[in-house]
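Take a look at the structure below.
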Amino acid sequence: MKSEILRTLREAGDNFVSGQVFCEKAGVTRQAVWKNIAWLKENGFVIESVPNKGYKLVSSPPVIYAADIESRLSEDSICRKVKSFDSINSTNIWAKQLAEDGAEEGTLVIAEKQTAGKGRRGRQWESEPGAGVYMSIVLRPGINPVNVPGITLVTALALVSSIKETCNAEPLIKWPNDIVLGGKKICGILTEMSSEMNYINYVVTGIGINANNRHFNKEIEKTATSIYLQTGKEVDRAQLAACTVDSFGAYYRKFEEAKSITPFIEEYNSLLASMDKEVKIFYGMEEDAERTETGRARGINKDGALIVDTKNGTEYVMSGEVSVRGLYGYV
Ligand code: BTN
């Protein structure tokens, strides 16, 4: 009901919407409409009400609410259910639990703050309250488990597209799971899966976006930045989150149908930050890699591997236990 009210108000723009319209749309009483509008006002939505005219949405709060995200999703969105939290340990942990409990594909978990945000390869994800977008999507793809890493790649494409659309910026992809802007990281993706040999129980794709962060801690300040720091413009986090989910849905459906990332290779390579640049591959953890190799990145292949021309021949680097860095910088 709240999301329906917000959607209708947003669609009306500068026009007032009468209480009767909400009653008819949702099949509820005037009292129910008042109650929901009162809740929205109490929670920071500025809604002008004029007798005999109705309601107009003036502004939305800087806090992310499930109803707000739901109201911004497209009609054919992959997401039907949003769960928003003020503070939780990790949206990936919650999404996995919901998936275990039978949550449907597209269920979205989003939080203002994570107390134990997880990064790739056991790292932590710094989750400054209210500054970033921290969310996870439950998926039940009908693909072979070996193709799951492709979901990270299409998530990266969706992020580039939604950031372009909502933030007027031109980010690039740092294979396999980072989005970069101005040579530094603005997003990370963590895809986790529960599967049998040939069957996927569920996949959770976690997305962390540095949206309005003003600073980063010492360990990551050299490589991390935010959309705000790069563009100088405050990001509407709810809009960015909803746009990312919708964009993800479109890429994911096509990926699931093709059961491979083949349809996206060209697009992906055009957005690859290291394309034709020299990179260093770390096999194992970067700090104590068991082997490193340098070469020139040549894009991804149909398996999602990064093609790197080295002096010893061409390597096809699979994501997983590797890191790839620019030879002369992060990208
Ligand atoms: C990485 O770059 O190492 C991946 C970072 C992924 C962070 C996001 S934030 C939302 C979701 N919940 C988590 O605990 N992690 C992911």
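Could you tell me whether region 77-93 includes any residue that is in contact with an Asp or Glu (Cβ under 8 Å, 6 or more places away or on another chain), of a type in the set (A, V, I, L, M), surrounded by 14 or more Cβ atoms within 10 Å (Cβ to Cβ) and at pLDDT 95 or above?
yes
Does VAL63 satisfy the criteria of being open to solvent by 50 Å² or more (accessible area, probe 1.4 Å) and touching a helix residue (DSSP H, G or I) at 6+ places or on another chain (Cβ under 9 Å)?
Working: open to solvent by 50 Å² or more (accessible area, probe 1.4 Å): yes; touching a helix residue (DSSP H, G or I) at 6+ places or on another chain (Cβ under 9 Å): yes.
Here the answer is yes, as VAL63 does meet what is asked.
Out of (1) surrounded by 23 or more Cβ atoms within 10 Å (Cβ to Cβ); (2) of a type outside the set (Ser, Thr, Tyr); (3) away from the ligand (no atom under 14 Å from the Cβ), the odd one out for ASN168 is which?
The failed condition is (1).
Looking only at region 77-100, count how many residues are touching a Phe, Trp or Tyr at 6+ places or on another chain (Cβ under 7 Å) and near the ligand (Cβ under 8 Å from one of its atoms).
Kept after step one, since they are touching a Phe, Trp or Tyr at 6+ places or on another chain (Cβ under 7 Å), are these residues of region 77-100: 78, 84, 88, 91, 99.
Filter again for near the ligand (Cβ under 8 Å from one of its atoms), leaving 91.
Qualifying residue count, region 77-100: 1.
In region 181-222, which residues are part of a strand (DSSP E or B), over 19 Å from ALA99 (Cα atoms), within 11 Å of the ligand (Cβ to nearest atom) and open to solvent by less than 20 Å² (accessible area, probe 1.4 Å)?
Pass one, region 181-222, residues part of a strand (DSSP E or B): 181, 184-195, 200-209.
Next, from what is left, pick out any that are over 19 Å from ALA99 (Cα atoms): 181, 184-188, 208-209.
Right, trim to within 11 Å of the ligand (Cβ to nearest atom) and you get 185-188, 208-209.
Within region 181-222, ILE186, CYS187, GLY188, GLY208, ILE209 qualify.
Open to solvent by 30 Å² or more (accessible area, probe 1.4 Å), free of Cβ contacts under 8 Å to residues at least 24 places away in the same chain and not acidic (Asp, Glu): is that true of LYS56 in this structure?
On the way: open to solvent by 30 Å² or more (accessible area, probe 1.4 Å): yes; free of Cβ contacts under 8 Å to residues at least 24 places away in the same chain: no; not acidic (Asp, Glu): yes.
The answer is no for LYS56.
Yes/no per residue for (1) open to solvent by less than 20 Å² (accessible area, probe 1.4 Å); (2) over 24 Å from ARG72 (Cα atoms):
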residue: ILE227; (1), (2): yes, no
residue: ASP246; (1), (2): no, no
residue: GLU257; (1), (2): no, yes
residue: PRO263; (1), (2): no, yes
residue: MET275; (1), (2): no, yes
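The values are calculated or read from the model by the stated rules, or taken from the named source; none is laboratory data. Here the structure is a predicted model, which means the values were calculated and not measured. Quick reminder, even Gly has a Cβ in these numbers, built from the backbone with ideal geometry, and neighbours come from all protein chains shown. What goes into the accessible areas is simple: the full protein's heavy atoms, side chains included, and nothing from ligands, DNA or RNA. Shrake-Rupley method; radii C 1.70, N 1.55, O 1.52, S 1.80 Å.
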